[in-house]
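Participant: Sending over a structure as structure tokens; questions will come in a sec.
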Amino acid sequence: MNPFPIVGYHDSEYFCDREQETKDLVSAIKNNRPVNLTSIRRIGKSALIKHVFHQLPKTYRSIFIDLEGTDTKQGFIKKFTNEISRQLITLNKGMLKKLLDWAAGFGASISLDSLDGSPKLELSHNQSPAIETLDGLMRLMQEHPKYTFVLAIDEFQEVTKYDTANVEGWVRAKMQEFQNVRFIFCGSEQTLMQTIFDNPSKPFYQITQPMHLGYIEPEKYKPFIHDHFGGKVSQDDILEILAWCRNYTYYVQYFCNHLFSLRESGEYTSLEQVKRLILESHKHHFLAQRKLITPIHWKLLKAIAAHQEIKNITSKNFVQRSGMAATSIRRSVQVLLEKDVLMEENGVIKIYNVFFQRYLETLI
Ligand SMILES: Nc1ncnc2c1ncn2[C@@H]1O[C@H](COP(=O)(O)OP(=O)(O)O)[C@@H](O)[C@H]1O
Ligand SMILES: [Mg+2]
């Protein structure tokens, strides 16, 4: 297998560092401290959670609920049910019947996936079970007090986008009610996560341990890359990869994945070849993005890419070089931050997507 997976979590062997974060999370779970874990996208939150799940003793049963793409309460209920029942069903034989009875109680059915036998909730047309129906499912977990269930709810900020039902309030109530369930809340949209956890008038105010996930330390990433190439990559190349990918997990993995597969095929491949290949294969996507962005925004993005990152967006130097008015820059940056085209880190503005930045650089 390619030792640089770019989708999901595979095994601790392919997982770089995060030792302290893993310890912190395991400790929070064991000591019943709910956690809210935030970071920019694609840095490794979901992978870290799955890694932590692998470290827990057998009496811990972990459930990963990814809310990405759910835009209604209905979607939430479906994901929640599917993931919890998938775990419950492994506990004992009688569980399937209990799950079927529970689902029938609100006119749904649970079918088993023909491939892996995992249960899936089927809701009949235009049916919208109340969120409270999930209480019954949670009670099935409580029937197994010898287990501790760890519920990781990924991209939790999605709940703020649902138009009906107070999902936050419901989850908060469950945290109090169910003693053998631990909660981890993850999210990439940090402003929205703040509206959930830092607002004194909201149910989650000051009840979770905040954790922020940063970049993998280069000093940890370097030996990891070296070893997984079996030593067949120079230190200079490693430094270059980390710099070109801004030490940003997904992009580093993506780069190494390609470099590894190309080199394995026999021919020597230079880093420049990999860069060209990556940009070429993403070009179509970036050109499509250009159509969605106004010419002014595009101009600003190119100016930012030319500088790599901007500390003071309305500094004389940047205003002059971008050829835009300071007010226009400020407004455009705001819009592009909201669209996640730009990101702000310690007061520095950057293009969010590393490969997009590198692509923009080729246009200058
Ligand atoms: N510590 C790590 N070591 C190696 N690869 C990682 C690590 N953390 C994440 N990855 C890889 O980077 C990709 C992005 O990580 P992910 O967990 O999906 O980020 P997030 O949840 O923060 O958006 C994953 O597909 C995974 O393959
Ligand atoms: Mg994730």
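Participant: List the pairs from K79/K350; K311/K339; K50/K78; K23/K232; K98/K202 whose alpha-carbon separation is above 27 Å, in the order I gave them.
Facilitator: K79/K350; K23/K232; K98/K202
Participant: What number, in percent, do you get for the relative contact order of the stretch 16-212 if the mean sequence gap of Cα pairs under 8 Å and at least 6 apart is divided by its residue count?
Facilitator: That works out to 33 percent.
Participant: If you don't mind, another one. With springs connecting C-alpha atoms under 10 Å apart, model the chain as a Gaussian network and identify which of K316, K283, K299 has the largest mean-square fluctuation.
Facilitator: K316
Participant: Let me check I've understood the local charge: for Q289, count other residues with C-beta under 12 angstrom from its C-beta, Lys and Arg +1, Asp and Glu -1. What total comes out?
Facilitator: Its environment carries a net charge of +3.
Participant: Using a Gaussian network for the chain with springs between C-alpha atoms less than 10 Å apart, which of these wobbles most: A325, A28, A243?
Facilitator: A325
Participant: Right, here's the next one. Each residue of the stretch 247-252 in order: what ³J(HN,Hα) in whole Hz does its phi give by Karplus 6.51 cos²θ - 1.76 cosθ + 1.60, θ = phi - 60°, with x for Gly and Pro?
Facilitator: Result, ordered by residue: 6, 9, 2, 4, 6, 5 Hz.
Participant: For the chain, take the alpha-carbon Rg, divide it by the Kirkwood Rh, and send me Rg/Rh.
Facilitator: Rg/Rh for the chain comes to 1.01.
Participant: Another question, if that's okay. May I ask what percent, to the nearest 5, of DSSP beta bridges between residues of the chain are antiparallel?
Facilitator: The antiparallel proportion sits near 35 percent.
Participant: Continuing with this model, one more query. Rg and Dmax of the stretch 243-364, Cα atoms, in Å?
Facilitator: Cα only, the stretch 243-364: 15.9, 54 Å (Rg, Dmax).
Participant: Would you calculate, for the chain, the mean residue ellipticity at 222 nm contributed by helices, counting each DSSP H stretch of 4 or more residues as -39,500 (n - 2.57) and dividing by all residues, to the nearest 500?
Facilitator: Here the helix-only value at 222 nm equals -15000 deg cm²/dmol.
Participant: Hey, another quick one. Calculate one ³J(HN,Hα) per residue across the stretch 266-273 by plugging θ = phi - 60° into the Karplus curve 6.51 cos²θ - 1.76 cosθ + 1.60, and present them in order as whole Hz with x for glycine and proline.
Facilitator: These are the phi-based 3J(HN,Hα) values: x, 7, 5, 10, 8, 4, 4, 4 Hz.
Participant: Dipole magnitude of the chain about its Cα centre, charges +1 at Lys/Arg Cβ and -1 at Asp/Glu Cβ only, in debye to the nearest 20?
Facilitator: That gives the chain a dipole magnitude of about 560 debye.
Participant: Would you mind telling me which residue in V159, V341, V181 has the biggest mean-square fluctuation in a Gaussian network model of the chain, where springs connect alpha carbons within a distance under 10 angstrom?
Facilitator: Looking only at V159, V341, V181, the largest GNM fluctuation is found for V341.
Participant: Counting Lys and Arg as +1 and Asp and Glu as -1, what is the net charge of the other residues whose Cβ lies under 14 Å from the Cβ of L262?
Facilitator: Residues close to L262 contribute a combined charge of -1.
Participant: Please report K120, K45 as a ranked list, fewest other C-beta atoms within 10 angstrom at the top and most at the bottom.
Facilitator: If I rank by nearby Cβ atoms, fewest first, I get K120, K45.
Participant: What is the fewest-to-most order of E13, E345, E240 by other Cβ atoms lying within 10 Å of their Cβ?
Facilitator: By the 10 Å Cβ count, ascending: E13, E345, E240.
Participant: How would you rank E158, E122, going from fewest to most other Cβ atoms within 10 Å of each one's own Cβ?
Facilitator: E122, E158
Read-outs throughout are calculated quantities, based only on the coordinates presented, and are distinct from any laboratory measurement. Being a predicted model, the structure only gives us computed values, none of them experimental. No Cβ is skipped: glycine too gets one built from the backbone with ideal geometry, and neighbour counts run over all protein chains shown.
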